[in-house]
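Below: one structure in structure tokens.
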Amino acid sequence: MREAQTEIVRGEDEAGIRRAGQILRDGGLVVFPTETVYGLGADALKDSAVRGIYAAKGRPSDNPLIVHIAGMEELPKLWQEVPSKLEELARRFWPGPMTVIGKKSRLVGDVVSGGLDTVAVRMPSHPVAKALIQAAGTPIAAPSANRSGFPSPTCFAHALADMEGRVEMIIDGGDCAYGVESTVLTLAQSPPRLLRPGAVTPEQLREVLTDLVIDPAVLEQLEEGQQAASPGMKYRHYAPKAHVVLVEGTPEQYQAFLEGRRGEAKAFALCFAEEAAALPLPNVSYGGREDGLGQARELFACLRRLDELGAGTVYAHCPDRAGVGLAVYNRLIRAAGFEVIRL
Ligand code: AMP
Ligand code: MG
């Protein structure tokens, strides 16, 4: 892995954004804020630049990247054809936290697509992300800016902690509005399939895609040897250093379960705001019980915070799976390596 001198600029710094665009055109790496999480960007159409992303993250080369665009005119360059359903989806959810997979064009190399014949595309709404893509004058490939396997960075400090010295520039755009990665769906097969839940919910998508199916890997662990529709779903993911266990039950059951763990060394609770004060273990709360959006925004920062506190085991209270909660559940169950205690 190469070492880089990392320049830090603020999102409002227009000259800084122009320099960032130049770094990307020259094949370098720039970390930038989006409305979901911080991204680690490179020129999507340059294989050598995109290889740098995999190296900086330590990401397996068969896990494809999302290509970020600033306008609809970029799509026909990236895809062989633009499916008819895309127009309505884009009208509702772009720019925003939705990624769509289509059959890739010949312009898109094998490095960015992880060797697949499809490519994932998103149009972010964050003004800095948009300005950066325009300054670069090319679509930007960008996964989350964390070291592979760890929680995604949702604020500047976390992006800096993971990527300083590995990239040419980091742009400080403050905190991310959603805090979980984009919703990923594919239109490259019929019926359309949800591969990763995010802030755009299945309920919302079904208003456009009535036949949308949810890939089983969203909720369950793939069996040994089973092929992943989304290669990212087969890897350990979003996990802090602490051992996370997901605990499913009512507030009363959760409280009683933790009573039994009272005094356990380095045991922490990851709980809802309403129950924090009464729990018998040291704890971090990740939002209100009914507040899926709030939980999504806080989750990754809480997982990092638990590591800072020296947590050995984390008993995480399972969120509701409706709406954005499905995304929160999907990330937490992976952070827990699918270890669930049902009370
Ligand atoms: P990240 O950019 O780190 O948030 O991860 C992007 C996610 O989208 C990963 O889970 C990838 O496996 C998935 N993905 C990206 N491109 C494709 C594709 N062409 N087909 C299936 N899944 C994809
Ligand atoms: Mg990621």
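The values are calculated or read from the model by the stated rules, or taken from the named source; none is laboratory data. All figures in this text were calculated on a predicted structure; none of them were measured in a lab. Cβ sites come from the backbone with ideal geometry, for glycine too, and all protein chains shown count toward neighbours. Accessible surface is based on the protein model in full, side chains and every heavy atom, while ligands, DNA and RNA are left aside. Shrake-Rupley method; radii C 1.70, N 1.55, O 1.52, S 1.80 Å.
Might you let me know whether region 82-100 holds any residue that is surrounded by 20 or more Cβ atoms within 10 Å (Cβ to Cβ) and more than 30 Å from Glu298 (Cβ to Cβ)?
No, region 82-100 contains no residue that is surrounded by 20 or more Cβ atoms within 10 Å (Cβ to Cβ) and more than 30 Å from Glu298 (Cβ to Cβ).
Also: Quick one: count up the residues across region 147-194 that are of a type in the set (Lys, Arg) and within 16 Å of ligand 2 (Cβ to nearest atom).
2
Conditions tested, residue by residue: (1) of a type in the set (Val, Ile, Thr); (2) part of a loop (DSSP other than H, G, I, E, B).
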position: Gln221; (1), (2): no, yes
position: Lys241; (1), (2): no, yes
position: Val247; (1), (2): yes, no
position: Gln255; (1), (2): no, no
position: Leu281; (1), (2): no, yes
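Then there's this: Restricting to region 111-160, give me the number of residues that are assigned to a loop (DSSP other than H, G, I, E, B), closer than 18 Å to Ala4 by Cα and more than 15 Å from ligand 1 (Cβ to nearest atom).
Final tally of qualifying residues: 0.
State the number of residues belonging to region 62-81 that are buried (at least 20 other Cβ atoms within 10 Å of the Cβ) and either farther than 23 Å from Gly39 by Cα or away from ligand 1 (no atom under 16 Å from the Cβ) (or both).
1
Just the residues that are more than 10 Å from ligand 1 (Cβ to nearest atom) and closer than 20 Å to Val50 by Cα, please, taken from region 161-195.
Correct list: Asp162, Met163, Glu164, Gly165, Arg166, Val167, Glu168, Met169, Ile170, Ile171.
Any idea which of Glu275, Glu308, Glu259 is touching a strand residue (DSSP E or B) at 6+ places or on another chain (Cβ under 8 Å) and more than 16 Å from ligand 1 (Cβ to nearest atom)?
None of the other options fit; the residue is Glu275.
Separate question: Return the residues of region 44-59 that are out of contact with any strand residue (DSSP E or B) (no Cβ under 7 Å at 6 or more places or on another chain) and outside any loop (DSSP other than H, G, I, E, B); say none if nothing qualifies.
Selection gives Asp47, Ser48, Arg51, Tyr54, Ala55.
Which condition number in (1) in contact with a Leu (Cβ under 7 Å, 6 or more places away or on another chain); (2) crowded, with 23+ Cβ neighbours inside 10 Å; (3) closer than 25 Å to Gly115 by Cβ is the one that Gly179 fails?
Evaluating Gly179 over (1) in contact with a Leu (Cβ under 7 Å, 6 or more places away or on another chain); (2) crowded, with 23+ Cβ neighbours inside 10 Å; (3) closer than 25 Å to Gly115 by Cβ leaves (3) as the failure.
Every residue, every condition in (1) modelled with pLDDT of 95 or more; (2) crowded, with 16+ Cβ neighbours inside 10 Å, yes or no:
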| residue | (1), (2) |
| --- | --- |
| Arg236 | no, no |
| Ala267 | yes, yes |
| Glu275 | yes, yes |
| Gly288 | yes, no |
| Phe300 | yes, yes |
| Glu308 | yes, no |
| Gly325 | yes, yes |
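Which one of these does Thr36 not meet: (1) within 16 Å of ligand 2 (Cβ to nearest atom); (2) in a helix (DSSP H, G or I)?
(2)
Mind checking which pairs have a first residue in region 200-225 that is more than 27 Å from Glu88 (Cβ to Cβ) and a second that is loosely packed, with under 15 Cβ neighbours inside 10 Å, Cβ under 7 Å, 6 or more apart or different chains?
Close Cβ pairs satisfying both conditions: Gln221/Phe338.
A further question follows. Return the pair list, or none, for Cβ contacts closer than 7 Å from residues in region 137-151 that are among the charged types (D, E, K, R) to residues that are part of a loop (DSSP other than H, G, I, E, B), at least 6 apart or on different chains.
Arg147/Gly58
Looking at region 310-320, which of its residues are free of Cβ contacts under 8 Å to residues at least 60 places away in the same chain and surrounded by fewer than 23 Cβ atoms within 10 Å (Cβ to Cβ)?
Listed by number, the residues that qualify are Gly310, Asp320.
Whether any residue in region 73-90 is assigned to a strand (DSSP E or B), out of contact with any His (no Cβ under 9 Å at 6 or more places or on another chain), under 23 Å from Val200 (Cα atoms) and modelled with pLDDT of 95 or more is what I want to check.
Yes, region 73-90 has at least one match.
Out of the residues in region 101-110 that are assigned to a strand (DSSP E or B) and among the charged types (D, E, K, R), which is most open to solvent (accessible area, probe 1.4 Å)?
Looking at residues that are assigned to a strand (DSSP E or B) and among the charged types (D, E, K, R), I get Lys103.
Might you let me know whether region 7-19 holds any residue that is touching a Leu at 6+ places or on another chain (Cβ under 9 Å) and either polar (S, T, N, Q) or open to solvent by less than 10 Å² (accessible area, probe 1.4 Å) (or both)?
Within region 7-19, none of the residues are touching a Leu at 6+ places or on another chain (Cβ under 9 Å) and either polar (S, T, N, Q) or open to solvent by less than 10 Å² (accessible area, probe 1.4 Å) (or both).
If you go through region 264-285 one residue at a time, how many are of a type outside the set (Gly, Ala, Ser) and free of Cβ contacts under 8 Å to residues at least 40 places away in the same chain?
Total meeting the criteria: 7.
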